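Below: one structure, written as structure tokens.
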Amino acid sequence: MSETPVDSSKRTWIITSACAGAVGGVAAAVPFVSTFQPSEKAKAAGAAVEVDISTLNPGEKITVEWRGKPVWIIKRTPEQLKELPEQDPLLADPQSLRHPDQFTPVYARNEGRSIKPEVLVVVGICTHLGCSPTDKFVAGPQPSLPPDWKGGFLCPCHGSTFDMAGRVFKNKPAPDNLEVPPHMYLSETKLLIGEDKKA
């Protein structure tokens, strides 16, 4: 039996076609296989966030993102802490007893709704329709606020007001206090938002 000679141009064409097909197959498979792995966004959505609060001064606030929500960390002044109990008669839920498991962890069921009295950690979303309240830390008469305002937050959408512990005032659209997210201290100056296993 004699072998049939193969045209070298056909051989080149066959090899080139096979290589192109292999490259195309790999290119098509990579995006498909990558869908089995969670995206970076999905990984970040549930991940705890570590925050350094060493430079946070009394009266200041920083905002971090956790699960797509703004989380406020506020270092309250001694004056702001002193005024918290005085607000109780004006609040809808001063002891955070409504839906405590949803809005206030056990370790934050106190006057300041916090682990450390001076540091407040709350989700910055109004419990009415999901707007983000604005800071109104300065005491005294201001537009849309009562004349004896002691400081806190105002939701500009529908007028709900919250004190410096994130507790909602009576007769406002917001049905609940601002949410305290799970959190714990890793050290004196480092917070972990999203986990509270050691709390």
Would you please name the residue that is nearest to K69 (Cα to Cα), looking only at residues in segment 87-141 that are under 19 Å from the mean Cα position of the chain (by Cα) and of a type in the set (F, W, Y)?
F103
Kindly list, by first and then second residue, each pair from a residue in segment 123-137 that is more than 26 Å from A48 (Cβ to Cβ) to a residue that is crowded, with 16+ Cβ neighbours inside 10 Å and of a type in the set (G, A, S), limited to pairs with Cβ atoms under 7 Å and residues at least 6 apart or on different chains.
H128/S160; H128/A174; K136/G151; K136/G152; F137/G151
Filtered residues of segment 138-164 (kept if over 18 Å from P94 (Cβ atoms) and crowded, with 17+ Cβ neighbours inside 10 Å):
L145, L154, C155
Under 19 Å from the mean Cα position of the chain (by Cα), touching a residue at least 24 places away in the same chain (Cβ under 8 Å) and not in a loop (DSSP other than H, G, I, E, B), is that true of D196?
no
Residue list for segment 56-105, filter: under 19 Å from R167 (Cβ atoms), surrounded by 12 or more Cβ atoms within 10 Å (Cβ to Cβ) and acidic (D, E):
E79, E83, D88, D93
Of the listed residues (D88, D101, D163), the one being in contact with a strand residue (DSSP E or B) (Cβ under 9 Å, 6 or more places away or on another chain) and not aliphatic (A, V, I, L, M) is D163
Condition (residue is closer than 18 Å to N177 by Cβ and either touching a His at 6+ places or on another chain (Cβ under 8 Å) or modelled with pLDDT of 95 or more (or both)) applied to segment 51-63: is it met by at least one residue?
yes
Is there any pair with a first residue in segment 96-113 that is without any contact (Cβ under 8 Å) to a residue 24 or more places away in the chain and a second that is buried (at least 20 other Cβ atoms within 10 Å of the Cβ) whose Cβ atoms are under 6 Å apart and which are 6 or more apart or on different chains, and what are they?
R109/S96
Can you find a residue that is among the acidic types (D, E), touching a Leu at 6+ places or on another chain (Cβ under 8 Å) and over 19 Å from T63 (Cα atoms) anywhere in segment 117-135?
no
Report whether or not P133 is on the phi < 0 side of the Ramachandran plot, surrounded by 14 or more Cβ atoms within 10 Å (Cβ to Cβ) and out of contact with any His (no Cβ under 8 Å at 6 or more places or on another chain).
yes
Check whether at least one residue in segment 165-176 is under 19 Å from V64 (Cα atoms) and buried (at least 20 other Cβ atoms within 10 Å of the Cβ), and report yes or no.
yes
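The values are calculated or read from the model by the stated rules, or taken from the named source; none is laboratory data. Computed from a predicted model, the values in this text were never measured in an experiment. Heads up, the Cβs are rebuilt from the backbone with ideal geometry, glycines too, and the neighbour counts pull from every protein chain shown.
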